[in-house]
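**Student:** Below you will find the structure I want to go over with you.
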Amino acid sequence: MTYNQYIEETATTILCEFTMSSDQVITSTTGFGDVVNIGSVSGSSDVTLSSNVITLPQGYEFIVRFFIGIERASTTAEVFTKIQYSDATEIDGVTVSEIGGDGNNKSSLEDSSCTISTPGGQKSFHVVTYKTTGYTTTILSDYTWGLIIGVQL
Amino acid sequence: MSYVPSRCIAELNGSASDRVLAGSNGAGSVKGPLNILNNVPWLTVSANKEDFDSSKETVVFGWSHGTNSTSSDFYHLYKIVGSGHTSFAAQTNGEAARNYSKLDEDSLAIGTGAFSMQCVGKYSGGYFVDAGSKVIVIRLEF
């Protein structure tokens, strides 16, 4: 046990994963109108989940990565996904996953990634997505996965 | 007792303004300019944003987002290269129907000292480390 853990009873590092509990059909065809359904967060109990919003505790810097896999009726349906603060504000430096191109109707895994620091208080995020055409497009829970790594500040 | 900075994570991002042309077919490396989002004292960068130097042992991972203005197929094979690093290469592909490549390939390196993100092989041309590219550096050593 480190000194910080001893005096504060907090973890110096955090490792969590978050997953979907079932497949999800994307309905939004405009800018990131659908929130991805997160079924569970496992790992550190310092990270919590409520109504698809994941909350990170104060006093850490985090790496968050979200990998998405889809199945679609047509490759003309492109899918964009990103991690976003739960109040819909942008996370500085976040990357947007882009599933486009032609080929078969199942994408490879794509990810949205960012770093989040919480020196002044906890922060909450969710994952948002949309497709570019009306073709049926489904997020596959078996191929979708999130990772959270936290280091105490 | 000296002060030990507590930040352990650095984030390096590609941008549309700093992207570089990978060049034509074949081998030959091109270094990718990356912008540090959060400065940390254990990682320095050259003026052209291409060369990084870590004073601590680190895990480095990240990917390039390639784009192509000609709507033709291309791929970029890239690698985090450093004299003190053990690393693995990654590849991103752009398909004919889109001008944007996939983002799902990570290059991974572990080591100390100088490193850079390099496009070490390519088919066709296109831009290397465009916006959407990211490299994350995690300090292991205190």
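**Student:** Kindly evaluate A:T30 against the criterion of being in a loop (DSSP other than H, G, I, E, B), at pLDDT below 95, in contact with a strand residue (DSSP E or B) (Cβ under 9 Å, 6 or more places away or on another chain) and away from chain B (no Cβ under 14 Å).
**Tutor:** The answer is yes for A:T30.
**Student:** Also: In region A:40-153, which strands (runs of 3 or more DSSP E) lie fully inside it and hold 3 or more residues that are more than 10 Å from every other protein chain (Cβ to nearest Cβ) and of a type in the set (V, I, T)?
**Tutor:** Output list reads A:53-56, A:79-85, A:123-131, A:137-139.
**Student:** B:S46 fails exactly one of the following numbered conditions: (1) free of Cβ contacts under 8 Å to residues at least 40 places away in the same chain; (2) surrounded by fewer than 16 Cβ atoms within 10 Å (Cβ to Cβ); (3) closer than 14 Å to B:S133 by Cα; (4) not charged (D, E, K, R). What is the number of that condition?
**Tutor:** (3)
**Student:** Which residue out of B:A27, B:A22 is touching a strand residue (DSSP E or B) at 6+ places or on another chain (Cβ under 7 Å), surrounded by 13 or more Cβ atoms within 10 Å (Cβ to Cβ) and closer than 18 Å to B:G121 by Cα?
**Tutor:** When all the criteria are applied, what remains is B:A22.
**Student:** Moving on. When you go through (1) closer than 23 Å to B:I36 by Cβ; (2) touching a Gly at 6+ places or on another chain (Cβ under 8 Å); (3) at pLDDT 95 or above; (4) crowded, with 19+ Cβ neighbours inside 10 Å one by one for A:T118, which number turns out not to apply?
**Tutor:** Failed condition: (4).
**Student:** While we're looking at this one, here's another question. Sort out which residues of region B:102-111 are surrounded by fewer than 21 Cβ atoms within 10 Å (Cβ to Cβ) and either closer than 12 Å to B:S87 by Cα or modelled with pLDDT of 95 or more (or both), and write them in order of number.
**Tutor:** Answer for region B:102-111, where residues must be surrounded by fewer than 21 Cβ atoms within 10 Å (Cβ to Cβ) and either closer than 12 Å to B:S87 by Cα or modelled with pLDDT of 95 or more (or both): B:D106, B:L108, B:I110, B:G111.
**Student:** Further question on the same structure: What are the residues in region A:16-27 that are of a type outside the set (F, W, Y) and surrounded by 15 or more Cβ atoms within 10 Å (Cβ to Cβ), if any?
**Tutor:** A:C16, A:M20, A:D23, A:Q24, A:I26
**Student:** Now for a separate question. State all residues of region B:1-38 that are within 14 Å of chain A (Cβ to nearest Cβ), out of contact with any Asp or Glu (no Cβ under 7 Å at 6 or more places or on another chain) and at pLDDT below 90; if no residue qualifies, say none.
**Tutor:** B:M1, B:Y3, B:V4, B:P5, B:S6
**Student:** Can you name the number of the only condition in (1) in contact with a Gly (Cβ under 8 Å, 6 or more places away or on another chain); (2) assigned to a strand (DSSP E or B) that B:V59 fails?
**Tutor:** Just one mismatch for B:V59, condition (1).
**Student:** Hey, another quick one. Only one of (1) under 27 Å from A:S112 (Cβ atoms); (2) more than 12 Å from every other protein chain (Cβ to nearest Cβ); (3) surrounded by fewer than 17 Cβ atoms within 10 Å (Cβ to Cβ); (4) touching a residue at least 60 places away in the same chain (Cβ under 8 Å) fails for B:D53. Which number is that?
**Tutor:** Just one mismatch for B:D53, condition (1).
The values are calculated or read from the model by the stated rules, or taken from the named source; none is laboratory data. The shown structure was predicted, so the numbers you read here are calculated from the model rather than taken from an experiment. Every residue, glycine as well, gets a Cβ built from its backbone with ideal geometry; the counts of neighbours run over all protein chains shown.
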